[in-house]
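Peer 1: One structure, pasted below without further comment.
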Amino acid sequence: QVQLVESGGGLVQPGGSLRLSCAASGVISRFYAMGWYRQAPGKQRELVGSIGSGGSVIVADSVKGRFAISRDNAKPTVVLQMNSLKPEDTAVYYCNGVFSGKDYWGQGTQVTVSS
């Protein structure tokens, strides 16, 4: 049974930084993708960034230059470093993993950017 456990998140002032981490357990495949989605109140869930097993990275235009995604294959873990945060980044952030062709989700962590 694959499980994704998220950490990080919280309240930060505009211009600040936060780091989200997601650790996967129960993974037996060496080939997988992991990433982060977010959902703001009243909006659809959207992709923030993802990283494939070969290291290929996709980052949403809205966060390019501010957010960076990385992974540790040994654990496996995916990290989202968020810099220069804006109020519009406020959302619940969800970790996503695709293992053996199946989608798995973390429980979500709240990120609030406000002065």
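The values are calculated or read from the model by the stated rules, or taken from the named source; none is laboratory data. The structure presented is a predicted model; accordingly, all values stated were derived computationally and were not measured. Glycine also receives a Cβ, built like all others from the backbone with ideal geometry; neighbour counts cover every protein chain displayed. Only protein heavy atoms, including side chains, enter the accessible area calculation; ligands, DNA and RNA are left aside. Shrake-Rupley method; radii C 1.70, N 1.55, O 1.52, S 1.80 Å.
Peer 1: In the stretch 5-26, what residues are open to solvent by less than 50 Å² (accessible area, probe 1.4 Å), at pLDDT 95 or above and of a type in the set (A, V, I, L, M)?
Peer 2: Result: V12, L18, L20.
Peer 1: Counting only residues that are within 11 Å of Y93 (Cβ to Cβ) and open to solvent by less than 30 Å² (accessible area, probe 1.4 Å), which one in the stretch 34-62 is nearest to the chain's Cα centre (by Cα)?
Peer 2: Taking the candidates together, the pick is W36.
For every residue, the table says whether it meets (1) in contact with a helix residue (DSSP H, G or I) (Cβ under 9 Å, 6 or more places away or on another chain); (2) in a loop (DSSP other than H, G, I, E, B); (3) of a type in the set (D, E, K, R).
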position	(1), (2), (3)
M34	no, no, no
G49	yes, no, no
S53	no, yes, no
G65	no, yes, no
R71	no, no, yes
K75	no, yes, yes
L85	no, yes, no
V92	no, no, no
C95	no, no, no
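Peer 1: Further question on the same structure: Of all residues in the stretch 80-115, how many are more than 22 Å from A33 (Cα to Cα), without any contact (Cβ under 8 Å) to a residue 60 or more places away in the chain and β-branched (V, I, T)?
Peer 2: Going through the stretch 80-115 one residue at a time, the tally reaches 1.
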